[in-house]
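The values are calculated or read from the model by the stated rules, or taken from the named source; none is laboratory data. A quick note: this is a predicted structure, and the numbers were derived from the prediction, not measured. Positions of Cβ are backbone-derived with ideal geometry, glycine not excepted, and every protein chain shown enters the neighbour counts.
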Amino acid sequence: MKQSLYFAKTRKETPKDAQEISHKLLMRGDYIDQLASGIYTLLPLGLRVHQKIVNIIREEMNGIGSQELLMPALHPKSIWTKTGRWNVYKGEMYQFEDKSGHWFGLGPTHEEIITTIVANRINSFRDLPQALYQIQTKFRDEARPKAGLLRGKEFIMKDLYSFHATKEDFDKFYETVTEAYLRIFKRCGVDAFPVQASGGAFTKEITREFMIKTGAGEDTTLICDHCGWAANKEVAENLRKKCPKCGGEIKQYTTVEAGHVFHLGTGFSEKLGASFIDENGDKKPIIMGCYGLGTTRIMASVVEVNNDKKGIIWPSEVAPFSVHILSLGSDIKVKQEAQALEDYLQKEGIEVLYDDRDLSAGEKFADADLLGIPLRAVISEKTLSQGMVEIKYRKDTEARLVTRGDLINAAKTKN
């Protein structure tokens, strides 16, 4: 893709209201556009990154036997009153009356909807277990949205719901999802770790959050560096100095929550009539679990932990493009070689952004560093005379000359 035609305009200045590094860099790189406080457009570059994250999530969710669906964002009040959560969520849920006098809310979460769907389709223990997920926009009336994609009024989320006949089956799947989540974070290029947390408005059970260490976070996590025990500050009400597991020293870290898994038990199924007939012919409520991942929040978190003073450093699996070609100077032969190189890489199935713009070398290098594409390939009169290409990984400091064939190998190597 030629950069001169690409719908992206980088900026040198940092937006005034951007405080966190991910907010600053995603805005400066034109990955996102701010419509209002807490409301953002994913521009073409940003959407490419988000789609890569979503693809990873889909692969892992499908890999553990989950099935994808898509539920409505608009929810009738009646279904939320059955669980008593219409008033519980009044301060967070966008609620309004339509022209016919019926009340609706924009979905901040989907337990009521998915439980009703399942209640109409599950009858026997033979129908269980089931795991259903969606990737959809959520709406929450945040009083103080901040930090760009890390906390917004409108955001994209993957929410998975599981349904079981026994607690043992739920426990097994709960751990399976935890393992899948850790693979997702690793593939996205962030180091996330599970911690004990409260269930909030979802459950009284102790839940499991997935935290990423970053100064942009709003959570405080207590971690034992010796054995790895970790808990949200809300759970460990009294700040402990010693680990309850091994007696080691506990330290506090600022973290951002990127995922959360819940044991819902039978609360929703009992209120919404989701039951099954067991092997003995007895009618029982379905045991449920809920598992959330903020996809746009993961995108911002990746930037929070993968950057330097020049810009973003995208991990290869979520980068908008694999290779960023820069042609330097006005020599027509240089431009022809750069175009030929783009065609060559694309035929090899490699995603390429080609900076063909009429700008100085310094401006092109600065934009390349800001955008953070993993591998930069430079064509100039010098490289052309040597029959080579200058390449540099975004995370490295040194460039080197290679052949076209070596460039292909470098582009296909996960870095």
Worksheet item: Which one of 23, 50, 75 is touching a helix residue (DSSP H, G or I) at 6+ places or on another chain (Cβ under 7 Å), part of a strand (DSSP E or B) and either surrounded by 13 or more Cβ atoms within 10 Å (Cβ to Cβ) or without any contact (Cβ under 8 Å) to a residue 60 or more places away in the chain (or both)?
Response: 75
Worksheet item: With (1) outside the structural domain of residue 181 (by TED's automatic domain parsing); (2) surrounded by 21 or more Cβ atoms within 10 Å (Cβ to Cβ); (3) not polar (S, T, N, Q) as the list, and residue 359 as the residue in question, which single condition is left unmet?
Response: (2)
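Do any strands (runs of 3 or more DSSP E) entirely within segment 250-346 hold 3 or more residues that are within 14 Å of the chain's Cα centre (by Cα) and within 30 Å of residue 136 (Cα to Cα), and if so, which? Can you show your working first?
Numbers: elements: 250-265, 275-277, 283-285, 287-294, 323-327.
It comes to 250-265, 287-294.
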Worksheet item: For residue 309, are the conditions met, namely being out of contact with any strand residue (DSSP E or B) (no Cβ under 6 Å at 6 or more places or on another chain), of a type in the set (D, E, K, R), surrounded by fewer than 23 Cβ atoms within 10 Å (Cβ to Cβ) and over 25 Å from residue 78 (Cβ atoms)?
Response: yes
Response to the item:
Here the qualifying pairs (Cβ atoms under 8 Å; residues six or more apart or on different chains; first in segment 133-149 and buried (at least 16 other Cβ atoms within 10 Å of the Cβ); second among the β-branched types (Val, Ile, Thr) and in a loop (DSSP other than H, G, I, E, B)) come out as 138/109
Fill in: Identity of the residue in segment 320-352, out of contact with any Asp or Glu (no Cβ under 9 Å at 6 or more places or on another chain) and hydrophobic (A, V, I, L, M, F, W, C), that ends up surrounded by the most Cβ atoms within 10 Å (Cβ to Cβ)
341
Discussion item. Please go through (1) over 30 Å from residue 84 (Cα atoms); (2) in contact (Cβ under 8 Å) with a residue 60 or more places away in the chain for residue 273 and return the number of the only condition it doesn't satisfy.
Written reply: (1)
Response to the item:
Subset of segment 81-140, residues under 24 Å from residue 269 (Cβ atoms), within 27 Å of the chain's Cα centre (by Cα) and small (Gly, Ala, Ser), comes to 105, 107, 131
Fill in: Residues satisfying the stated conditions in segment 369-412, i.e. out of contact with any Leu (no Cβ under 9 Å at 6 or more places or on another chain) and not in a helix (DSSP H, G or I)
374, 387, 395, 396, 397, 398, 399, 400, 401, 402, 403
